[in-house]
Amino acid sequence: MKRVLMVAVVGLAFACGFLASDSRVESLSAQAEKGEAKGPQWSHGIDLKVRPYGQAGWKNAPVTAVEVYEDAANGNLIYINDKGGMSVQPKK
């Protein structure tokens, strides 16, 4: 019984999320047709040295690159690293 209830709740949550995202996509496409949609703008890039725990010096530390974009629609900052990781920092 618990498994059936869990599957029903997950299915309902998935359906609600799909409907919410679908309406947002339609809203964005309507903005794009009107010429009001704004894409993210590149802000800056950062090269970070990342040292594993226990390594004493920075000489052999690997470098990871991070690109920073600002979402023109809402001001959020979007960070994307060279491995494909992504993070969004809300506008303060």
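Rule-based calculations on the coordinates, nothing more; no lab input. Because the structure is a prediction, the values reported are computed rather than measured. Here the Cβ is made from the backbone with ideal geometry for all residues, glycine too, and neighbour counts use every protein chain on show.
Find how much the distance from residue 92 to residue 55 grows on full extension, using 0.36 nm per residue of separation minus their present alpha carbon separation; answer in nm with one decimal.
9.8 nm
Could you rank the peptides 66-75, 48-57 by their average count of other C-beta atoms within 10 Å per residue, with the highest value first?
The packing order, highest mean first, is 66-75, 48-57.
What's the extension gain from residue 78 to residue 46 if we count 0.36 nm per residue and subtract their Cα-Cα distance?
10.2 nm
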